[in-house]
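Structure record follows, encoded as structure tokens.
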Amino acid sequence: MGDGDPRTAAGPLTTLDSDALAEAIRTYRTALDQHRVTIDRLNVYPVPDGDTGTNMALTLAAVSEELLRAGAGRADICRAISHGALMGARGNSGVIVSQLLRGMAATLAPSDEQPEAEPPIDAELLARGLMAASTAADGAVMRPVEGTILSVARASAQAAERALVTLAGDEDRALAAVLESAKQAGQTALEATPQQLPVLADAGVVDAGAAGYLLLLDALLSVVDGRPLPDAVDLPAEVEAVIAHGNAGASLQGVAVDPVAEQRAELHSHLDGGGHDVHDPSGTRYEVMFLLSAPDENIDDFKVAWDSLGDSIVMVGGDGLWNCHIHTDDIGPVIEAGIDAGRPHRIQITDLHEQVAGLGGHGAHGGHGAHAGRDAAEPEQRPLVGCAVVAVSPAAGLDELFASLGCHELVTGGQTMNPSTAELLAAIEAAPSEQVVVLPNNSNIVPVARQAGEHAGKTVTVVATTSVPAGLAALIGYDPDASADANAASMGDAADAVSAGEVTQAVRDTTGAAGQVAAGQWIGLDGGGISAAGDTAAAAAVGLLEAMLTPAHEILTLIEGAGAQSAETAEVMAWLAEHWPDVEVERHVGGQDHYPYLFGIE
């Protein structure tokens, strides 16, 4: 903000109107974009795919996209914040920040009884909003843990409420002072997170999600009193030293990453079109997409009308706004059904046959988002099954493997690129059954999968697979004729029988069970953390397998990533043949980034 900004010339804002609230959210997105890499580096494990900052940035990108379509009133702004956060949430951190934003928006929105009355957001209302945000986030976590974003958000909200008492009668500075108190208390709580959570102390970092949350308060302060956003995330000196020489994500390879810029068009596509590939040829000719403003009670009849007019139907939304997608031969009746239900707008019509002819065909792997694990020439209409499977897959080679084991819908994602709620929801709705099992295959995707399941119009069960090998093993227990609950039990048992391990490269110095690890060394991780380290990927892999294998094990699944070297793979295979000749090795080429080797041991 320059010297001419009214907030610096006439003092801080005393209240927030709708424009200022929307500006604060957009400013928060800017702050997360700016500091994404630093927050990613606060990952407990020094691996190249710490993604807390990336997930939070992409979640706020979805909220910003929703704000572009929102009206000017505060009810519209709060509805856009809530819906954008819900549909755009990615990863654990994205789900929690979405709950924080939704809790705050619900409190700041005008009352249903007097929607036309929009009292300004003063210090008291904003303090209530921060407390509602904390309560909503706490309620979204089954077993809240201290030393995380939850405790920092709570400390900030409590400080805001305490500040109100001391500022009674001083309305001119109350809003800025309440936010300043919240930020200071949150910063103190952030610095205390290692004392509350031993895993943070062991890694020498503070909680990444909490650091990202405090940028929301920085954004609000920037809007209220015109101060610039911080040039750097405010971290203790010892934490800065730990992450100073590290790197994250694709930056490890010397590639500058702006995930929000790269995914902007893609996020817009998934939020507006349900995540389907518009080039997918089907027996029907046209793809029709539009936003539908309609009362929620009209949607059931609208779905019935559309069901007789086409296939690949996806409807995502609520609270009066729906994103609608269908493949059809009858464009006119499809749009007329929307008019009967409400007001369709932003109508897009694509001739699927012309698209495919122009492309010369394409493979099943459709980038980040929902796509079917099948050849593009196969008709869209697939036989219904008793229960379908949706899986998250990090690479094309693994797509083929999941599809061969019976998976119906694949969502590209994993480390560094967790899928959003909207993307998973689109895949669930596209699956050829009213009962669906979801395999997240990453611990960070489990909460988003559950959130998508809660908002689907189907019976959805999430088998909480936390690794790709566990997801592949789970499919051994899949029966397409059984119910989702029965499949969840058998698939969960199959997944639990697998011990998973992975090899990657350390992005900062650290200490663990394997001793001192230097940035750049290869490390092997199992369920207990870093159990092996070496100067080559093969050395780390051998050390990891030495720690994991026991005489009871019979089968080892080895999945080679994009960085696996044939000579090193041969070294690992030779070691296995010499030391564990009775263990059957199943070798696959997955092509995943960052991890040259993934292991599943049964």
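Inspection of the range 429-438 identifies no residue that is touching a helix residue (DSSP H, G or I) at 6+ places or on another chain (Cβ under 9 Å), modelled with pLDDT under 90 and part of a loop (DSSP other than H, G, I, E, B).
The rows are residues; the columns are (1) modelled with pLDDT of 65 or more; (2) within 20 Å of residue 86 (Cβ to Cβ); (3) surrounded by 13 or more Cβ atoms within 10 Å (Cβ to Cβ).
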site	(1), (2), (3)
320	yes, yes, yes
326	yes, no, yes
331	yes, no, yes
339	yes, no, no
350	yes, no, yes
354	no, no, no
359	no, no, no
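Taking only the range 206-235 into account, find how many residues are in a loop (DSSP other than H, G, I, E, B) and either at pLDDT below 90 or acidic (Asp, Glu) (or both). It would help to see each step written out before you state the result.
In the first step, residues of the range 206-235 are kept if they are in a loop (DSSP other than H, G, I, E, B); the result is 206-207, 226-235.
Subsequent filtering for residues that are either at pLDDT below 90 or acidic (Asp, Glu) (or both) retains 207, 231, 234.
Within the range 206-235, residues that are in a loop (DSSP other than H, G, I, E, B) and either at pLDDT below 90 or acidic (Asp, Glu) (or both) number 3.
From the list 105, 75, 85, the one residue that fits, being in a helix (DSSP H, G or I) and surrounded by fewer than 24 Cβ atoms within 10 Å (Cβ to Cβ), is 75. When residue 561 is tested against the conditions (1) within 14 Å of residue 469 (Cβ to Cβ); (2) in contact with a helix residue (DSSP H, G or I) (Cβ under 7 Å, 6 or more places away or on another chain); (3) among the small types (Gly, Ala, Ser), the lone failure is (2). For residue 79, the test of being at negative phi and touching a helix residue (DSSP H, G or I) at 6+ places or on another chain (Cβ under 7 Å) is failed.
Quick check, is residue 409 buried (at least 24 other Cβ atoms within 10 Å of the Cβ), of a type outside the set (Gly, Ala, Ser), within 20 Å of residue 386 (Cα to Cα) and touching a strand residue (DSSP E or B) at 6+ places or on another chain (Cβ under 8 Å)?
Working: buried (at least 24 other Cβ atoms within 10 Å of the Cβ): yes; of a type outside the set (Gly, Ala, Ser): yes; within 20 Å of residue 386 (Cα to Cα): yes; touching a strand residue (DSSP E or B) at 6+ places or on another chain (Cβ under 8 Å): yes.
So residue 409 fits the description; yes.
Take the range 168-178 and flag every residue that is open to solvent by less than 80 Å² (accessible area, probe 1.4 Å) and either polar (S, T, N, Q) or touching a Ser or Thr at 6+ places or on another chain (Cβ under 9 Å) (or both). Show your work before the answer.
Within the range 168-178, the subset open to solvent by less than 80 Å² (accessible area, probe 1.4 Å) is 169-170, 174-178.
Those that are open to solvent by less than 80 Å² (accessible area, probe 1.4 Å) and either polar (S, T, N, Q) or touching a Ser or Thr at 6+ places or on another chain (Cβ under 9 Å) (or both): 174, 175, 176, 177.
If you check 156, 222, 181, 151 for being surrounded by 15 or more Cβ atoms within 10 Å (Cβ to Cβ) and without any contact (Cβ under 8 Å) to a residue 24 or more places away in the chain, only one passes: 181. Does any residue of the range 442-459 turn out to be in contact with a Ser or Thr (Cβ under 6 Å, 6 or more places away or on another chain), within 23 Å of residue 96 (Cβ to Cβ), in a helix (DSSP H, G or I) and open to solvent by less than 10 Å² (accessible area, probe 1.4 Å)? Yes, because at least one residue in the range 442-459 is in contact with a Ser or Thr (Cβ under 6 Å, 6 or more places away or on another chain), within 23 Å of residue 96 (Cβ to Cβ), in a helix (DSSP H, G or I) and open to solvent by less than 10 Å² (accessible area, probe 1.4 Å).
Does at least one position in the range 109-131 carry a residue that is touching a Cys at 6+ places or on another chain (Cβ under 6 Å) and surrounded by fewer than 24 Cβ atoms within 10 Å (Cβ to Cβ)? Working first, answer last.
At the first step, the residues of the range 109-131 found to be touching a Cys at 6+ places or on another chain (Cβ under 6 Å) are 109.
In the following step, the residues that additionally are surrounded by fewer than 24 Cβ atoms within 10 Å (Cβ to Cβ) were identified as 109.
Yes, the range 109-131 contains a residue that is touching a Cys at 6+ places or on another chain (Cβ under 6 Å) and surrounded by fewer than 24 Cβ atoms within 10 Å (Cβ to Cβ).
Considered as a group, the residues in the range 8-21 that are closer than 14 Å to residue 227 by Cβ and at pLDDT 55 or above include one that is surrounded by the most Cβ atoms within 10 Å (Cβ to Cβ), and that residue is 12.
One residue stands out in the range 237-253 among those that are of a type outside the set (Gly, Ala, Ser) and open to solvent by less than 20 Å² (accessible area, probe 1.4 Å): the one that is modelled with the highest pLDDT, namely 239. Across the range 486-508, which residue is most open to solvent (accessible area, probe 1.4 Å) among those that are among the polar types (S, T, N, Q) and outside any strand (DSSP E or B)? Here the answer is 490. The criterion of at least 3 residues that are open to solvent by 50 Å² or more (accessible area, probe 1.4 Å) is met by the following strands (runs of 3 or more DSSP E) wholly inside the range 509-602: 584-589. Exactly one residue out of 43, 55 is under 30 Å from residue 533 (Cβ atoms), among the polar types (S, T, N, Q), open to solvent by 10 Å² or more (accessible area, probe 1.4 Å) and at pLDDT below 90: that is 43.
Scanning the range 476-496 for any residue that is touching a Gly at 6+ places or on another chain (Cβ under 6 Å) and polar (S, T, N, Q) turns up at least one such residue. For the range 509-547, a tally of residues being touching a helix residue (DSSP H, G or I) at 6+ places or on another chain (Cβ under 9 Å), free of Cβ contacts under 8 Å to residues at least 40 places away in the same chain and either at positive phi or of a type in the set (A, V, I, L, M, F, W, C) (or both) returns 8. Among residues of the range 134-148 being open to solvent by 50 Å² or more (accessible area, probe 1.4 Å) and part of a helix (DSSP H, G or I), the one that is modelled with the highest pLDDT is 135.
The values are calculated or read from the model by the stated rules, or taken from the named source; none is laboratory data. Computed from a predicted structure; not experimentally measured. We place every Cβ from the backbone using ideal geometry, glycine too, and count neighbours over all the protein chains shown. In case anyone asks, the SASA skips ligands and DNA or RNA and just uses the protein heavy atoms, side chains included. Shrake-Rupley method; radii C 1.70, N 1.55, O 1.52, S 1.80 Å.
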